[in-house]
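To start, the structure under review is shown below, and the notes come after it.
The values are calculated or read from the model by the stated rules, or taken from the named source; none is laboratory data. These numbers were taken from a predicted model, which means no experiment stands behind them. Neighbour counts are summed over all protein chains in view; Cβ atoms, including those assigned to glycine, are modelled from backbone coordinates with ideal geometry. Accessible surface areas use protein heavy atoms only, side chains included; no ligands, DNA or RNA. Shrake-Rupley method; radii C 1.70, N 1.55, O 1.52, S 1.80 Å.
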Amino acid sequence: MPAHVAIIMDGNGRWAKAKNLDRSEGHVKGVDTVRLITEEASRLGIKYLTLYTFSTENWNRPVEEVNLLMHLIVTAIERETPDLIKNNVKLTMIGDKESIPSYSLERLEQCMADTAHCNGLTLCLAISYSSRWEITRAARRLAAMAAAGQIDADSISDKDIADNLATACMPDPELIIRTGGDLRLSNFLLWQAAYSEIFVTETYWPDFSAKDFEDAIKQYMTRERRFGLTSEQLK
């Protein structure tokens with residue numbers, strides 16, 4: 001069983017288009033899937049579930065869609081917070097908080113504070129997130145520390161970089177799921193995904209079911225994770 005599963009939730013707009021609905025309907029339906037998969041991950045004993053909720057590139061979408069997404073994200077989290085607490089789910093987020101409107105950020109931070117005592121599943125929302133932003137920020141932090149004489153630039157290690165990423169408090173994801181069929185990571189957890197298993201499904205996120213999630217977990221559990229070694233070495 002993977003300890004950390006990350007999901008690229010893709011296909012809301014295409015789901016709506018296929019049903020002759022407005023794109024907003026796809027986002028609304030996608031919120032229901034978030035609740036379903038969070039409950040299933042908690043039931044299965046997953047420790048960390050990271051959802052690619054809103055990328056830095058998403059800010060370039062039409063203003064109306066961006067405003068709707070921000071409203072949906074915050075409203076849904078506030079609505080679900082009592083159930084998160086009931087199910088012992090801790091809410092966290094990673095991303096560029098400075099880009100998030102203050103009224104949305106304050107409400108999200110309140111929800112995180114309300115669930116801070118929970119110690120079951122950690123639900124991490126990647127909001128205004130991109131891996132390049134995250135790695136660039138880590139590089140700047142380490143450069144500043146080296147310039148101040150706090151560290152030796154020549155001694156900077158993989159661990160130093162990892163410790164300065166937004167995910168420093170979590171293990172790397174063993175499994176990354178992408179819905180909607182596209183075969184790319186889309187600037188998501190690029191450093192952390194170095195040895196992640198990847199599962200891609202053609203199913204759009206609004207139609208992604210608890211069984212689909214279980215099937216992805218089951219396929220992961222059949223894979224041989226060699227980390228550069230040979231099968232014989234593992235044996």
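Numbers at a glance
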quantity	calculated
Pairs with Cβ under 8 Å, 6+ apart, first in segment 113-129 and among the polar types (S, T, N, Q), second assigned to a loop (DSSP other than H, G, I, E, B)	115/89; 119/88; 122/47; 122/89; 122/170; 128/95; 128/96; 128/100
Positions within segment 85-103 being over 17 Å from the mean Cα position of the chain (by Cα) and at negative phi, in sequence order	85, 86, 87, 98, 99, 101, 102, 103
Pick from segment 180-216, criterion touching a strand residue (DSSP E or B) at 6+ places or on another chain (Cβ under 7 Å) and β-branched (Val, Ile, Thr), ranking: surrounded by the fewest Cβ atoms within 10 Å (Cβ to Cβ)	198
Helices (runs of 4 or more DSSP H) wholly inside segment 12-116 that include at least 1 residues being touching a strand residue (DSSP E or B) at 6+ places or on another chain (Cβ under 9 Å), open to solvent by less than 30 Å² (accessible area, probe 1.4 Å) and farther than 23 Å from residue 131 by Cα	23-44, 63-86, 102-114
Residue pairs meeting the criteria (Cβ under 8 Å; at least 6 apart or on separate chains; first within 30 Å of residue 31 (Cα to Cα), in segment 205-232; second outside any helix (DSSP H, G or I) and open to solvent by 80 Å² or more (accessible area, probe 1.4 Å))	217/1; 221/1
Meets criteria (touching a helix residue (DSSP H, G or I) at 6+ places or on another chain (Cβ under 6 Å), over 30 Å from residue 41 (Cα atoms) and either open to solvent by 30 Å² or more (accessible area, probe 1.4 Å) or among the acidic types (Asp, Glu) (or both)) for residue 139	no
Which listed residue, of 153, 166, is open to solvent by 10 Å² or more (accessible area, probe 1.4 Å), touching a residue at least 60 places away in the same chain (Cβ under 8 Å) and among the hydrophobic types (A, V, I, L, M, F, W, C)	166
